[in-house]
Amino acid sequence: MLSSKLLTLVLVVRPGRVLLGMKKRGFGAGKWNGFGGKVQPGETIEDAARRELLEESGLTVDSLEKVGNIKFEFVGDPQLLDVHVFRADTYNGEPTESEEMRPQWFECDQIPFSQMWADDIMWFPLMLQKKKFLGYFKFQGHDVILSHKLEEVEEL
């Protein structure tokens, strides 16, 4: 039986651009990603998303829009990652490098998918169009997707 770990992911989007962070250490190091992490005990999912965004990028947001929920299974790991994906279209502050992430803006037609998690190229277009989605990805290691499901939904 797989247990589940609750995680958040925030994508900060401006017209034609998206803010990504180069993960400097830990899980996913060396990949560009959104900002997020573990939900702490007693914390709501949205509070965790806000906290992680601030810790990793120096940004605060007035509002977050939940756009997706993706579950990740890694072969040989008994823990399923339950990732709640948020989009922020406005923010406060300037993106600032942290111990964990180095933020950088990318034009939407120049997103570095080859240096990101292999699933991102599948659901990023939905997120950029403000469409809601549910996904499941089964990975072998950190680079090979063995199977997946992705569907657009009306509500999360």
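The values are calculated or read from the model by the stated rules, or taken from the named source; none is laboratory data. Values in this document were obtained by computation on a predicted structure and should not be read as measured data. With ideal geometry, Cβ positions are generated from the backbone for all residues, glycine too; neighbour counts draw on all protein chains shown. Note: areas computed on protein heavy atoms with side chains; ligands, DNA, RNA excluded. Shrake-Rupley method; radii C 1.70, N 1.55, O 1.52, S 1.80 Å.
Under a GNM of the chain (C-alpha, springs under 10 Å), which listed residue has the highest mean-square fluctuation: Leu126, Leu11, Leu19?
Most flexible of the set in this elastic network: Leu126.
Nearest 20 debye, what's the magnitude of the dipole of the range 3-156 about its Cα centre given +1 on Lys and Arg Cβ and -1 on Asp and Glu Cβ?
The dipole magnitude comes to about 220 debye.
For the chain, what is the relative contact order in percent, using Cα pairs closer than 8 Å and at least 6 residues apart in sequence?
It comes to 27 percent, rounded to a whole number.
Excluding Lys149 itself, calculate the net charge of residues whose Cβ lies under 13 Å from the Cβ of Lys149, where each Lys or Arg counts +1 and each Asp or Glu counts -1.
-2
Report, for the range 1-86, the % of DSSP beta bridges that are antiparallel, rounded to 5.
60 percent
With equal scatterers on the alpha carbons only and no solvent term, can you work out the Debye log10 of I(q)/I(0) for the chain at 0.16, 0.17, 0.20 1/Å?
At q = 0.16, 0.17, 0.20 Å⁻¹ the computed log10 ratios are -0.88, -1.01, -1.47.
Keeping every protein chain present and rolling a 1.4 Å probe, give me the accessible area per residue for the range 1-110 in Å².
48 Å²
Which of the listed residues, Gln104, Ala29, Val153, is farthest toward the dipole's positive end in the chain, when Lys, Arg count +1 and Asp, Glu count -1 at the beta-carbon?
Ala29
Of the options Met122, Leu19, Val75, report the single residue whose Cα projects farthest towards the positive end of the charge dipole of the chain (beta-carbon charges: Lys, Arg +1; Asp, Glu -1).
In the chain, that residue is Val75.
Quick one: pull the percent of accessible area on the chain belonging to carbon and sulfur, 1.4 Å probe, ligands and nucleic acids left out.
Of the solvent-accessible surface of the chain, carbon and sulfur hold 50 percent.
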